[in-house]
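Have a look at the structure below before the remarks.
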Amino acid sequence: MKHNLFNSLATFDAGHGRQGSFYSVPALERAGLGSISRLPVSIRLVLESVLRNCDGKKVSEQNIRELAQWQPKASRTEEIPFVVARIVLQDFTGVPLLVDLAAMRSAVARLGRNPKMIEPLVPVDLVVDHSVQVDFAGTADSLARNLDMEFHRNRERYEFLKWGMQAFETFKVVPPGIGIVHQVNLEYLAKGVLSQDLEGSTPASRLYYPDTLVGTDSHTTMINGLGIVGWGVGGIEAEAGMLGQPVYFLTPDVVGVHLTGALTEGVTATDLALTLTQMLRKAKVVGKFVEFFGAGATALPVVDRATIANMAPEYGATMGFFPVDEECVKYLRATGRPDEHCRLYRNYYQAQGLFGIPGKGEIDYSQQFELDLATVVPSVAGPKRPQDRIELPNLKKEFLAAFVRPLAENGFGKSANELASSVKVSSDTHAKGDTDHSYGHRKARVEPSESEMRDQHPTPDLPQDLPLSAFARFDTELRHGSVLIAAITSCTNTSNPSVMLAAGLLAKKAVEKGLHVDPIVKTSLAPGSRVVTDYLEKTGLQPYLDQLGFNLVGYGCTTCIGNSGPLHATVEEAVTKNELIAASVLSGNRNFEARVHQSVKANFLMSPPLVVAFALAGRVDIDLSTEPIGQNKEGKVYLKDLWPTLAEVRDAMESALSPDVFRRLYSDFVGQNPKWNEIPSTTGAVFSWDLQSTYIQEPPFFMQFSLVPGTISDLKGARALGIFGDSVTTDHISPAGSIKKSSPAGQYLIESGVMFEDFNSYGSRRGNDRVMTRGTFANVRIKNLMAPGTEGGVTRHQPDGAPMSIYDAAMKYDRENTPLIVIAGQEYGTGSSRDWAAKGTCLLGVRAVVAQSFERIHRSNLVGMGVLPVQFKEGTTAQTLQLDGTEQYDVLGLNSNLKPQQDLILKITRATGRVDEVVVRCRIDTPIEIDYYAHGGILPFVLRQLIAAT
Ligand code: SF4
C-alpha cells in the first residue's frame, strides 16, 4: 500500500535515465524520528521494511517510531513486525509447508471459490538439497548412483513437489542435484534489491526495496554475507510470511565486531569463521544481531563473509551481518547478475545511505568486540561442539585430553590405558562369499542416528552387485583417533572458492608426492553448486581430488546434515564392538555426537584443505605442524610441503568466478535434469490427495472451514492431557526420530501396510498429519507427571484414571466432547523451532497450554495454530497448586474484548469438589495475535482475508 508517512517516499536514479521510488530511511531522521544514521545497518534495513509496510494494522506508525528510536542498551520488550521480501525453503521443511498450501486450496475449492486465490504473496524458492545421502563414495560413478538412490527413496515427495511447481505461480523448486539452498541463494536467487509496481502511473512508478528473507533452515544467515537481512524460522512463521504476514521478533541488541588487519599465509576463511564462533559464543550473542565493520571487514571478499555469516547459529546470533559495499557489487557481477542490475543495486543502497561498511565510531552498537585478522591461526573445532576451537598444533593434545575427560565435560570418559588398543580390520573378512555384509548393519535395525532421524525415506534394497563395489579394499589397523569419514561438505565452505581450490591444490601436491588415502577413510566431495565442479575441472584439480577418493558424491547437504551413508560393515562392527573413539573430519558446521554418523564419536570441523590433509594422515591424534603427514620414496612429507600459498590460491581463483558459467549453470534446471523430468506430476490447481499415501495427506486444518470465525469464549470443563516439568523441548512434544512399533504412529503405519523397516522417521512423515498427530508427545523420554514412574507418551484418562497413550486419550476425550489443556513448567517448547510441536498439540484437541514460561517461537507457534498460551504468575506452579491431573479446568476471561497479555482466571475444580481460582496471564502478546487466535490460527485468518478480498 502506497503511503508517504514522514515524507519518506522518495526517488533515486534507477539507471537508463529512469527514476525509481523507494522509502527513504534517512528521511526519518529529517522528520525528527531519531539518529537514524547512527543505527546499525541491519536495524536500518529492518526499519525500511517496517516503514514501507506500515498499514496501521499489521504494522503501525508506532512500530516505525519505536524502531527508529532503537537504543543500543535499552531493555528489549517490543516485538518488530518484519514483512520479508521472499522466502527460501529446503525440502525437509518445505514439503509440510506445501502440504498446508495445498490443503488451503482444497478448502477454497470446497467453498466453490477459485483455489488460485491461494498463492504465496512473496516469491518462494524451495531447493531440494537435504535428501541426498553418501551411499556411494570414492568412485567415478558415485554421483550417479547416489542420485539414483535419492530419487528412489524420495519419489513420492518429489511427485508432490512437482505438482506444487505447476500449481503455484510464485512457488519455485530447484530440483535435486543442483545445489545447496544457501549457496544457490547466494549465487543465484539473491537479487540484493527487488521491485514492484506502484499504484498509479507516475514517472517513478516502480518501488524498489531491499532483498530480505526468512528461510526454514537455520543457516539461512549465509546470505547476511551479501548484505541481505535474513535468518531461519519455523514452518508456521514461514507460512505466515509467505502469505503476507509479518514475522515478529523481539527488538534485538546489535553486537558490533570491529575487524582489522588481514588473514596471513596459511590461514583460511574457515579458520576465521571458527575463531569468530568461539569468540562470539563466549560473548553470549544468543538472540542478538552481530554486525561486522571496519577495514578488516571491508577487505574480506563476499565468499569469506558468507562463510562467517553461515555460522551465526553456531555462535548463537540471529544474524552475522556484513553491510552492502563495493565487494557485494563485485560478487553480483562475478556471479552473472546483469550489469544493469548491479548499477541499480549500488544506486539504491547509496540513496539509502547504506552503501559501504562503516568504520569505527560511526555506529552505536550494544556491545563491541575487536578482532585483528592477522591473529587468526589454522584451527579445527571439536570433538563435539563447533565453538570448541583448537589451534592445529594442539589437536593431538586436545584429542588425548578429551579421550579421558568425563562425558559430562564433553569428553569421552575413557581411561588413558585404553588409548593403545587397536584392532585389525580387513575388507576381505566379510567380503568373501558374503556380498551383503557391506550394508549389513543397515539391515539390522538399530537405534537410529541423527541422520536416520532426518527426513530420508528408508534405504531400499540395494542391487546385489553394489555392496562390494561401494567400498575399496582395505587392510588396516584401527585405533582411537582413526579418521573414518573425511568429507568436503556444507555450503559453509563449498560456497567459498578459495578454500575449495586450496583443497584441490593440496590434493595435487599430495598426489605428486606419491601420497594416498587409506581406503578405510570414507572420502567425499559434495559441493553446494555445480559451479564448483566447473572450476575444479577448469583448473585441472578435480582429477587429483579423485585420486585421493574425493570424488563427487552429490550436490547437496550430505555429511553436513548427517547423511554420511554407511561405513563398511566390518569397520562399523569393529568400532562399536571395541568402543573405539573414531573420528570424522568435515568442512561442516555442526558436530554434536551422532550428527555426522552414529558410530563416529569425535567429529572435527575444519577447512576443506585440512579435510584432505587429515584424510591423508588417517588420524586426528597427530600434530601436523611437526609430525609427517605421510611418507614417500624420498622420505617424510609434512603438511607445510603440501599447503598451497595464498598466491597459488589467488591464481586459481581467477578462473573460479566466471559470470558466464553461473549464467549457464543456473539457466535451465529442468532441461539439465533428466531424472527430475522422469518424475511424473499430477496437474491442476488442486492436489488430488492419495488416501493410500503414508507420506502426504490432507491435514484437517481446513476440513470444516467456514467463512465466519468462531467467537472467543471461556474454555470450560477441560481435562489435562499432560502435566510436564521444566524444559520440555519441541522434540519431546514432536519427536523427529524413530517411530516405535508399539507407538500409536507405529500401529497406524502397520495397519496401513508399512513394514517396520520402512517406518522411516517422524521427520520424514511431516507431510502426513495422521502420523504426526499420533507422534505428538510420543518422545520416549517425555515424562508426564500424571502417570508417575512412566516415560513416553502415556497419560491417565479422567475421571476414570485409566492409563493409555496420550493419542488414545485425546481421541477418547474428543468423542466425549471434552476440551484439553496441557500444564507445564519453565521454558516450555525450548529447542529448535518445530511447527509440528504446535500443529500436533492443536490436532490432539489441546485448547490451552498453561506453563510457567514459554520459549518465544513455540509460544507464537501455539497462537499461530489457535492454541491459547497461558502463563502462571511468578511463584505459582503445578506443584504449588498440587495438580495431579484429576482436576477439571476452566480458563475464564476469554471474550471478544480480549487484550494482549491480560490477566485471566484459571479455575480448578478438584475431584473432591474443592474449587480454586488462580490469576494467570494470557500470553497472546500482540493485537494481531488476538486476530489469529480469534480465527483459530494464522492460516484460517489469512484464508478468510484472502476470500474476503475477492
Ligand atoms: S550444507 Fe549444511 S549448513 Fe548448508 S543447508 Fe545443508 S545442512 Fe544446512
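The values are calculated or read from the model by the stated rules, or taken from the named source; none is laboratory data. Computed from a predicted structure; not experimentally measured. FYI the Cβ positions are ideal-geometry reconstructions off the backbone, even for glycines, and counts take in every protein chain you see. Each accessible area value is taken on the protein alone, full model and side chains, heavy atoms only, with ligands, DNA and RNA left out. Shrake-Rupley method; radii C 1.70, N 1.55, O 1.52, S 1.80 Å.
At-a-glance table
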quantity: Subset tally (residues that are more than 13 Å from the ligand (Cβ to nearest atom), buried (at least 24 other Cβ atoms within 10 Å of the Cβ) and assigned to a loop (DSSP other than H, G, I, E, B)) for region 479-514; calculated: 1
quantity: Flag for L194 being within 23 Å of Y666 (Cβ to Cβ), open to solvent by 20 Å² or more (accessible area, probe 1.4 Å) and away from the ligand (no atom under 16 Å from the Cβ); calculated: yes
quantity: So S706, is it under 30 Å from the mean Cα position of the chain (by Cα) and among the hydroxyl-bearing types (S, T, Y); calculated: no
quantity: Answer from A652, A685, A647 - the residue that is closer than 30 Å to K191 by Cα, open to solvent by 10 Å² or more (accessible area, probe 1.4 Å), part of a helix (DSSP H, G or I) and of a type outside the set (K, R); calculated: A652
quantity: Yes/no for A526 being away from the ligand (no atom under 14 Å from the Cβ), of a type in the set (A, V, I, L, M, F, W, C) and either open to solvent by less than 10 Å² (accessible area, probe 1.4 Å) or in contact (Cβ under 8 Å) with a residue 40 or more places away in the chain (or both); calculated: no
quantity: Top-ranked residue in region 234-264 [being of a type in the set (V, I, T) and part of a strand (DSSP E or B); ranked as most open to solvent (accessible area, probe 1.4 Å)]; calculated: T260
quantity: Residue list for region 883-915, filter: open to solvent by 30 Å² or more (accessible area, probe 1.4 Å) and of a type in the set (A, V, I, L, M, F, W, C); calculated: L892, I905, A911, V915
quantity: Sole residue being of a type in the set (S, T, Y), within 22 Å of L881 (Cα to Cα) and open to solvent by less than 10 Å² (accessible area, probe 1.4 Å), chosen from T795, T776; calculated: T795
quantity: Elements of type strands (runs of 3 or more DSSP E) contained in region 361-421, each with 1 or more residues being of a type in the set (S, T, N, Q) and surrounded by fewer than 18 Cβ atoms within 10 Å (Cβ to Cβ); calculated: 367-372
quantity: Positions within region 197-233 being within 19 Å of the chain's Cα centre (by Cα), more than 11 Å from the ligand (Cβ to nearest atom) and outside any loop (DSSP other than H, G, I, E, B), in sequence order; calculated: T212, L213, V214, I223, N224, G225, L226, V229, G230, W231
quantity: Count of residues meeting criterion [over 16 Å from L395 (Cβ atoms) and modelled with pLDDT of 95 or more] in region 593-629; calculated: 1
quantity: Residue, surrounded by the most Cβ atoms within 10 Å (Cβ to Cβ), within region 573-605, restricted to residues that are within 15 Å of the ligand (Cβ to nearest atom) and assigned to a strand (DSSP E or B); calculated: L605
quantity: Members of region 304-332 found to be in contact with a Pro (Cβ under 7 Å, 6 or more places away or on another chain) and open to solvent by 10 Å² or more (accessible area, probe 1.4 Å), listed by number; calculated: T318, E327
quantity: Residue that is nearest to the chain's Cα centre (by Cα), among those in region 771-800 that are more than 17 Å from A720 (Cα to Cα) and among the hydrophobic types (A, V, I, L, M, F, W, C); calculated: M772
quantity: Qualifying residue in region 553-565 (condition: more than 16 Å from the ligand (Cβ to nearest atom), open to solvent by less than 10 Å² (accessible area, probe 1.4 Å) and either polar (S, T, N, Q) or in contact with an Asp or Glu (Cβ under 9 Å, 6 or more places away or on another chain) (or both)); calculated: no
